[in-house]
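The values are calculated or read from the model by the stated rules, or taken from the named source; none is laboratory data. Small disclaimer: the values here were computed from a predicted structure and weren't measured. Neighbour counts are summed over all protein chains in view; Cβ atoms, including those assigned to glycine, are modelled from backbone coordinates with ideal geometry.
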Amino acid sequence: MVKKWSAEVTQKSDALELEEGVFTWRDPRKIAMSLSSSAELSERHAGTPYQSAMSMLNFYVNRAGKNLPAEQKRILDEAKGELRTIYRRGS
């Protein structure tokens with residue numbers, strides 16, 4: 001049983017079907033590509049696929065907070081840049 005609602009959201013999002021362990025991966029590009037793919041395939045997002053992917057990534061980083069190791073936070077921050085590149089957005 002999941003004790004925190006935020007953990008349940010990242011595991012069972014109604015908006016995106018996430019790959020197992022996506023936020024623990026060590027490759028920012030792979031994380032961004034996975035989130036992008038999930039957002040593109042989803043028919044249940046309110047905004048654009050870019051907004052959905054970035055929102056889920058930000059949600060995870062914000063909810064993990066100080067419990068997120070510095071190295072993984074750096075990787076996830078780099079994944080944000082990769083998402084911007086994928087969707088040709090400015091930094």
Hey, could you check region 44-82 for residues that are small (G, A, S) and under 17 Å from K30 (Cβ atoms) and say which is surrounded by the fewest Cβ atoms within 10 Å (Cβ to Cβ)? G81
Could you figure out which of (1) farther than 18 Å from D27 by Cβ; (2) loosely packed, with under 15 Cβ neighbours inside 10 Å; (3) polar (S, T, N, Q) isn't true of T85? (1)
Kindly list, by first and then second residue, each pair from a residue in region 24-53 that is closer than 15 Å to A79 by Cβ and modelled with pLDDT of 90 or more to a residue that is of a type in the set (F, W, Y) and surrounded by 15 or more Cβ atoms within 10 Å (Cβ to Cβ), limited to pairs with Cβ atoms under 7 Å and residues at least 6 apart or on different chains. I31/W25; Y50/Y87
Quick check on this structure: which one of A53, A39, A64 is out of contact with any Cys (no Cβ under 7 Å at 6 or more places or on another chain), of a type in the set (G, A, S) and over 15 Å from I86 (Cβ atoms)? A64
For region 54-76: of the residues being among the charged types (D, E, K, R) and out of contact with any helix residue (DSSP H, G or I) (no Cβ under 8 Å at 6 or more places or on another chain), which is modelled with the lowest pLDDT? K66
